[in-house]
Amino acid sequence: MPGILDYTHVTKDYGKPWSRQRVRALDDFSLSLERGEIFGFLGPNGAGKTTAIHLALGFMRPSSGAGQLLGSPFGDAKTRARIGFLAENVALYHRPAAKLLRFYGALNGMRPARLRMRSREVLRQVELEREADRNVAKFSRGMQQRVGLAQALINDPELLILDEPTSALDPLARVAMRELLLEANRAGKTIFLSSHLLSEIELICHRVAILHRGRLIKVGRTEDLLVSRDRYEIVARGAPAEIFAGSRIEGDRLVFTVPASRQRDALQRIWAIGGEVLSVNPVRRTLEDVFLELTGKGDNS
Amino acid sequence: MIPSLLIAVNFLRQHRWPVILLFGYILLTAAATGEFGRGRPVPVDIVFFVEQQAIFICLFSAFLAADAIHGERKSRRILLLLSKAISRAEYLLAIMLAVWTVAMIYAILSAVCSVWLTARSMLPGDGLWPMMFLVMAGALIAASVAMFFSTFLNPYLATACTLAFFCVPAALPAIRHHGAAWWPGYPLLAQFLDFGFRSGWTPNWVAAMAALVESGVFWCLAVAVFNRKDIAVPVE
């Protein structure tokens with residue numbers, strides 16, 4: 001069954017075919033988004049994230065491969081009425097916020113009555129209701145970013161494609177943005193979120209893909225990525241700290257990690273000295289650890 | 001069609017200051033030609049005014065159309081615009097509509113000024129309104145050719161190529177003798193420069209109709225090229 005956004009063996013090269021400076025931005029990239037999920041799209045600068053998003057929106061054509069957005073080939077204008085897009089470093093026309101939203105909404109074929117209602121609604125969602133009549137040229141970058149998000153939401157889209165939506169926001173606005181995205185997701189919207197802010201992705205995304213040098217190096221459920229099957233954390237009582245290197249004492253408990261291959265041996269040592277094993281769990285990593293590990297591997301290969 | 005109209009209106013809004021400045025320029029040059037209402041304008045000055053405005057309107061249309069895509073790409077505003085349910089053909093149509101609207105207002109304003117000048121110097125003004133329609137056709141073909149070149153060249157080169165393209169029959173006798181009547185823009189340009197208040201000047205409606213059809217052809221060519229363009233790649 002096709003996903004809401006599908007890339008099938010997409011390759012994108014920049015530069016003339018005969019040029020020596022030809023750069024491969026995406027290399028045999030395949031990915032499928034499922035309806036209703038929040039999908040995190042990660043990668044270092046220049047990994048090809050924005051290129052992948054621009055291909056889906058039809059801003060450029062793949063050098064090879066193909067893709068589908070809501071069941072239509074990339075670049076289909078009518079399909080774009082069902083999506084919302086926020087570009088990185090959003091550039092807006094210098095008009096009052098409410099008028100600007102109505103302009104973008106009308107381009108998606110929305111009727112004036114619904115537009116008036118929706119523009120009020122989304123401005124309230126991004127907490128700019130009081131600024132509706134102010135020209136966006138006079139807004140701070142964070143406020144412009146919120147207007148950018150509002151224009152992406154104006155048409156009540158099925159799929160939200162957000163390229164670095166929190167890059168210009170202060171911590172409070174980031175929390176508000178996170179809440180807003182979760183609320184949109186609860187309302188049934190699929191969200192494709194490209195971001196450098198790994199903590200944000202870790203908090204809200206159901207699945208994550210990591211892109212490095214144009215190649216997809218990891219894709220999976222966020223929970224699965226964060227749990228390591230290579231190392232285990234053991235919590236014990238009644239065992240001296242000296243016998244396990246790197247262990248720490250927490251009250252009357254001893255906490256330490258061991259590689260999966262040495263887990264059985266560690267447990268037997270605790271029991272041998274009369275200790276008690278309280279818990280054994282896979283080590284939980286942060287997304288940053290996973291990201292650095294994977295992109296670091298990419299550098300070495 | 002509605003999205004194209006909306007984008008056209010927005011485009012006009014974005015370019016309102018240069019447009020208003022140029023409207024002011026027409027009024028100022030008309031006033032100067034009419035010696036600010038104090039004397040009777042000389043016929044040769046009025047002819048020069050009409051010819052100058054005709055060429056100027058076409059040039060301005062070419063400049064405006066040539067810079068449109070580049071300006072939007074440079075500011076990156078095109079990304080949000082084309083992320084909506086707008087095809088690239090509709091987008092180019094919007095630019096054409098906007099540029100032609102400016103040219104129409106410009107042509108009407110210069111025709112009104114010319115009528116005022118001819119009335120002051122007791123000259124027959126019959127040819128001025130047909131001339132205005134020819135200028136509108138000239139502005140349309142200038143805009144469409146410039147827009148076509150701007151889909152793959154920077155605005156300066158696109159404008160230069162447009163001017164060079166219109167002048168090809170003037171430089172190549174073979175084309176001038178055999179195909180000048182159908183060369184896009186050239187017969188209109190020749191007619192603008194031939195304008196006078198003598199009875200021998202008659203508007204070339206065939207050239208105007210040909211310009212309308214050729215504008216459609218160049219719009220199609222522009223769409224074909226622009227559809228293959230990576231618009232997200234930053235321009236300098």
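Read-outs: derived from the displayed coordinates by stated rules, not from any lab. Everything numeric in this text was worked out from a predicted model, so none of it was measured. Every residue, glycine as well, gets a Cβ built from its backbone with ideal geometry; the counts of neighbours run over all protein chains shown.
Using R₀ = 41 Å, calculate the FRET efficiency as 1/(1 + (r/R₀)^6) where r is the Cβ-Cβ separation of A:VAL175 and A:HIS9; round to 0.05.
0.60
Rounded to the nearest 500, what is the 222 nm mean residue ellipticity of chain A from helices alone, with -39500 (n - 2.57) per DSSP H run of 4+ residues and division by all residues?
Helix-only estimate at 222 nm: -10000 deg cm²/dmol.
Along the Cα→Cβ direction, 7 angstrom out, place labels at A:GLU34 and B:GLN52. What is the inter-label distance in nm?
Between A:GLU34 and B:GLN52, the simple spin-label model gives 7.2 nm.
Most mobile of B:ILE108, B:ILE141, B:ILE57 per a Gaussian network model of chain B (Cα springs, under 10 Å)?
With Cα springs under 10 Å in chain B, the top fluctuation among B:ILE108, B:ILE141, B:ILE57 is at B:ILE108.
What FRET efficiency do you get for B:ARG16 and B:ASP230 if R0 is 30 Å and r is their Cβ-Cβ distance, rounded to the nearest 0.05?
Once the sixth-power term is evaluated, E becomes 0.50.
Can you bin segment A:187-246 into rounded, prolate or oblate? Criterion: square roots of the alpha carbon gyration tensor eigenvalues sorted a ≥ b ≥ c, rounded for a/c under 1.5, prolate for a/b above b/c, oblate for the rest. Don't skip to the answer; put the middle values down first.
Details: a/c = 3.44, a/b = 2.28, b/c = 1.51.
Because a/c hits 1.5 or more and a/b exceeds b/c, segment A:187-246 counts as prolate.
With an 8 Å Cα cut-off and a minimum separation of 6 or more residues, compute the relative contact order for segment A:228-300 in percent.
Averaging sequence separation for qualifying contacts and normalising by length gives 40 percent for segment A:228-300.
Please identify the DSSP H helices in chain A that span no less than 15 Å along the helix axis (Cα) and have a mean Kyte-Doolittle hydropathy of 0.5 or more. Could you put the intermediate results ahead of the total?
Numbers: long enough: A:97-107 (16 Å, 0.86); A:112-125 (19 Å, -1.17); A:141-153 (18 Å, -0.23); A:171-186 (22 Å, 0.07); A:287-300 (20 Å, -0.32).
For chain A, where a helix must reach 15 Å along its axis and average at least 0.5, the hits are A:97-107.
Which of A:LYS189, A:LYS99, A:LYS49 ends up with the largest GNM mean-square fluctuation for chain A, with Cα atoms connected below 10 Å?
It is A:LYS99.
Past the 24 Å Cα-Cα mark, which pairs from A:LYS99/A:LYS138; A:LYS189/B:LYS74; A:LYS138/A:LYS189; A:LYS49/A:LYS99?
Going by Cα-Cα distance, A:LYS189/B:LYS74; A:LYS138/A:LYS189; A:LYS49/A:LYS99 fall outside the 24 Å limit.
For chain B, find the longest principal axis of its Cα atoms and tell me its angle to the long axis of helix B:155-166, 0 to 90°, nearest 10.
The answer is roughly 50 degrees.
In whole Hz, with x marking every Gly and Pro, tabulate ³J(HN,Hα) for segment B:77-92 from phi via Karplus 6.51 cos²θ - 1.76 cosθ + 1.60, θ = phi - 60°.
Running phi through 6.51 cos²θ - 1.76 cosθ + 1.60 with θ = phi - 60° gives 6, 4, 5, 5, 4, 7, 8, 8, 7, 10, 7, 5, 5, 5, 5, 5 Hz.
Compare B:SER215, B:SER87, B:SER61 in a GNM of chain B, Cα atoms joined below 10 Å, and give the one with the largest fluctuation.
Taking springs between Cα atoms under 10 Å, the residue moving most is B:SER87.
Each residue of segment A:31-46 in order: what ³J(HN,Hα) in whole Hz does its phi give by Karplus 6.51 cos²θ - 1.76 cosθ + 1.60, θ = phi - 60°, with x for Gly and Pro?
7, 9, 9, 9, 4, x, 9, 9, 10, x, 10, 10, x, x, 4, x
How high is the relative contact order of segment B:102-208, in percent, with contacts defined as C-alpha pairs under 8 Å that are six or more residues apart?
Reported relative contact order: 27 percent.
Give me, ordered by chain and number, the residues 5 or more places off A:LEU26 or on other chains with an amide H under 5 Å from its own placed amide H.
For A:LEU26, the qualifying residues are A:LYS12.
Note down the nm distance, to one decimal, between modelled labels 7 Å out along Cα→Cβ at A:THR286 and at A:ALA260.
So the two model labels end up 2.4 nm from each other.
Do any GluC sites (Glu not before Pro) in segment A:1-103 lie in a loop, going by DSSP, with at most 16 other beta-carbon atoms within 10 Å of their beta carbon, and if so which?
A:GLU34
If amide hydrogens are placed 1.01 Å from N in the peptide plane, which non-local residues have theirs closer than 5 Å to the one on A:LEU5?
Here A:LEU33, A:LEU70 satisfy the definition.
Could I have the simple spin-label model distance between A:ARG111 and B:ILE2, label points 7 Å from Cα toward Cβ, reported in nm to one decimal?
The answer from the label model is 0.9 nm.
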